[in-house]
Amino acid sequence: RFAYTTEDGLQDPKWKKLFNAKKGTVFGPYLTSPGVYRIAKLAEVQYRPDSVEARHILIKPTQEMNLDSVNVRIDGIRKQVEAGADFGALAQKNSEDQGSAIKGGDLGWFQEGAMVDAFNEACFTSKRGDLSVVTSQFGVHLIEVTKTSKAVRKVKIAFIDRNIEPSTE
């Protein structure tokens, strides 16, 4: 999994050389541990919030309600919110995430990478007040980003590690 990260969050200290480089820059190969070489590439650069505050409504597919039915139900709830209905009240009434439903769907503040990929991507590419529908392994979410921190430079670095072992050749 290659996630967006700030310079402080880089997994490999050698990637600091890539952080301010031009997209597509490749670094390596270099030795990371005995017998393991790595090559890294600056795959993406974006300005994204460092953290966001969001709320959601989760509906889970069941034997009685398949994924298509869940999507229709979420779309109906989204239309109610767009028409002025209170998101928090709808979350309390409809959301199957019991931990956040009692708080009106509020998830509080969280940093990039704290949520599953599709959910994370929707939150960190949305503007304040945007409504997004996302499917994850937990079900279908209606997400509203309520606050965002200042956008900062974040990079996505892809890498390949290769074990090199001596042979008779």
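The values are calculated or read from the model by the stated rules, or taken from the named source; none is laboratory data. These figures come from a predicted structure and were not determined experimentally. Positions of Cβ are backbone-derived with ideal geometry, glycine not excepted, and every protein chain shown enters the neighbour counts. What goes into the accessible areas is simple: the full protein's heavy atoms, side chains included, and nothing from ligands, DNA or RNA. Shrake-Rupley method; radii C 1.70, N 1.55, O 1.52, S 1.80 Å.
Structural remarks
- For GluC sites (Glu not before Pro), the sites in the range 27-117 that DSSP calls loop and that have at most 16 other Cβ atoms within 10 Å are Glu64, Glu96.
- In sequence order, calculated HN-Hα J values of the range 111-126 (Karplus, 6.51, -1.76, 1.60; Hz; x Gly/Pro): 8, 3, x, 6, 10, 4, 3, 5, 5, 4, 4, 4, 5, 8, 10, 8
- Pairwise FRET efficiency - Gln98 versus Arg153, Cβ, R0 = 45 Å, nearest 0.05: 0.75
- Relative contact order of the range 25-169: 39 percent, from C-alpha pairs under 8 Å at least 6 residues apart in sequence.
- In the full protein context, the range 1-157 carries 55 Å² of accessible surface per residue, based on a 1.4 Å probe and ignoring ligands, DNA and RNA.
- Highest mobility in the GNM of the chain, judged by mean-square fluctuation with C-alpha springs under 10 Å and restricted to Asp50, Asp97, Asp12, is found for Asp12.
- Filtered chymotrypsin sites (Phe, Trp or Tyr not before Pro), the range 1-33: DSSP coil and at most 14 other beta carbons within 10 Å: Phe2
- Helix-only CD estimate at 222 nm, as mean residue ellipticity for the chain, using -39500 (n - 2.57) per DSSP H run (n ≥ 4): -6500 deg cm²/dmol
- Residue by residue, the range 51-56 carries 3J(HN,Hα) couplings of 8, 9, 10, 9, 9, 8 Hz when phi is fed to the Karplus relation 6.51 cos²θ - 1.76 cosθ + 1.60 (θ = phi - 60°); x denotes Gly or Pro.
- Mean separation of Cα contacts under 8 Å, 6 or more apart, over the residue count of the range 20-82: relative contact order %: 21 percent
- Gaussian network model of the chain, Cα within-10 Å springs - most flexible of Leu31, Leu58, Leu131: Leu31
- Placing +1 on each Lys and Arg Cβ and -1 on each Asp and Glu Cβ, with no other charges, gives the chain a dipole about its Cα centre of roughly 680 debye.
- The HN-Hα couplings worked out from phi for the range 60-68 by the Karplus form 6.51 cos²θ - 1.76 cosθ + 1.60 (θ = phi - 60°) are 9, x, 9, 5, 7, 10, 6, 4, 4 Hz, whole numbers, x standing for Gly and Pro.
- Taking amide hydrogens as placed 1.01 Å from N in the peptide plane, the amide H of Trp109 sits under 5 Å from that of no residue at least 5 positions away in sequence or on another chain.
- Spacing of the two label points (7 Å from each Cα toward its C-beta) at Ser136 and Lys79, in nm: 2.6 nm
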